[in-house]
Amino acid sequence: MDFDTVADELYGGDLAEFVSARNAAAKAAKAGGDTELAARIRDLRKPTTAAAIVNRLAREDATQLRELAELGEELRDAHARLAGDELRALTRRRGELVRQIVHGLPSMSDPVSREVEATLEAVAADPATAALAVAGRLTSVAHQDTDQWFTLAASVPPATGKRPQKLVDKAEPAKPKRDHRREEQERARARAERERLRKEAAERAKDRAVAERDLVRTERAAEQANARVEDLRARLAEAEERAERATAEFEKAKENYEQADAIANEAQKAADAAR
């Protein structure tokens, strides 16, 4: 038994059986004398429903997840170079790919669908999350601050479903005449929109953090309750075994008593007859 094999089996297995399978694996490792491995296995967190869906996708075909992770790298590079046109095109492509992936998944409820979409956005935003997703070991939605290149999507026209044309690094030359007043108004509107989106994202992040804390708390409570149930079942099985042994011993003692009683009665009758 090794950690990677156990982790792959757990995150590739049935979500409903994750806790019991993890506890059984940790118990087996401990029984085998590897307490360190047992502790590592016990620390593995049960994935959320959305994370489990992404993990399953990674195990079936991780091509789209890898493409999403690569788009994230390109987005970060374009952001570092302040390549606005390229950044907007990549943001549009990211949205198209996320929608394409979600559309190809089995039917699910709206809350789960939104969480899956948020998870996929996190794959593009964070290399560590992307690595876990591609490996099929994601546990929950990664909480990311609203990056600047995310807010640019608000000003991008609706996606057409077509891949963007080849991008260039250099911006087009400025036109001879420019309406500076109008440009300033547009920038002011863009700043206001970015601020609104940041505030909205912050509120949603707070709500998500509260929900995840509740999820972790209830998960641990359920795990403790399951462990208690397993302990009680083990004690019950042991008590039933002791009861069976006691019943067998009683039956044997009863049989011995009846035999001794019969012999004693026969002896008494013989003694009475000899008088």
Inset, instruction - Kindly state, to the nearest 0.05, the FRET efficiency for residue 258 paired with residue 233, given R0 = 45 Å and r defined as their beta-carbon distance. - result: 0.75
Legend entry - Furthest towards positive pole of dipole, 273, 226, 133, structure part the chain, Cβ charges: 133
Legend entry - Heavy-atom surface of the chain, accessible at 1.4 Å and reported per residue (Å²): 68
Inset, instruction - Work through the residues other than residue 26 whose Cβ is under 14 Å from its Cβ and net out their charges, Lys, Arg +1 and Asp, Glu -1. - result: 0
Legend entry - Cα pair count fraction exceeding 23 Å, expressed as % - the stretch 1-105: 48
Inset, instruction - Report the residue, chosen from 202, 237, 25, that carries the largest GNM mean-square fluctuation when the chain is represented by alpha-carbon nodes joined by springs under 10 Å. - result: 237
Legend entry - With every protein chain in place, the chain: carbon and sulfur % of accessible area (1.4 Å): 51
Inset, instruction - Can you tell me the FRET efficiency between residue 67 and residue 208 if r is taken as the Cβ-Cβ distance and R0 is 25 Å, rounded to the nearest 0.05? - result: 0.45
Legend entry - Rg(Cα)/(2.2 N^0.38 Å) for the stretch 190-246, N = residue count: 2.39
Inset, instruction - As a check on your grasp of the helix formula, calculate [θ] at 222 nm for the chain: sum -39500 (n - 2.57) over DSSP H runs of n ≥ 4, divide by the residue count, round to the nearest 500. - result: -26000 deg cm²/dmol
Inset, instruction - Can you tell me the relative contact order of the stretch 1-126? Whole percent, Cα pairs under 8 Å, sequence separation 6 or more. - result: 25
Legend entry - Rh by Kirkwood over Cα pairs, then Stokes-Einstein D for the chain at 0.890 mPa s and 25 °C, µm²/s: 102
Legend entry - Gaussian network model of the chain, springs between alpha carbon atoms under 10 Å - residue of 21, 39, 264 with greatest fluctuation: 264
Inset, instruction - Sort 218, 129 from largest to smallest accessible area, using a 1.4 Å probe on the heavy atoms of the protein chains. - result: 218, 129
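The values are calculated or read from the model by the stated rules, or taken from the named source; none is laboratory data. Because the structure is a prediction, the values reported are computed rather than measured. Neighbour counts are summed over all protein chains in view; Cβ atoms, including those assigned to glycine, are modelled from backbone coordinates with ideal geometry. The accessibility values were calculated without ligands, DNA or RNA, using every heavy atom of the protein model including side chains. Shrake-Rupley method; radii C 1.70, N 1.55, O 1.52, S 1.80 Å.
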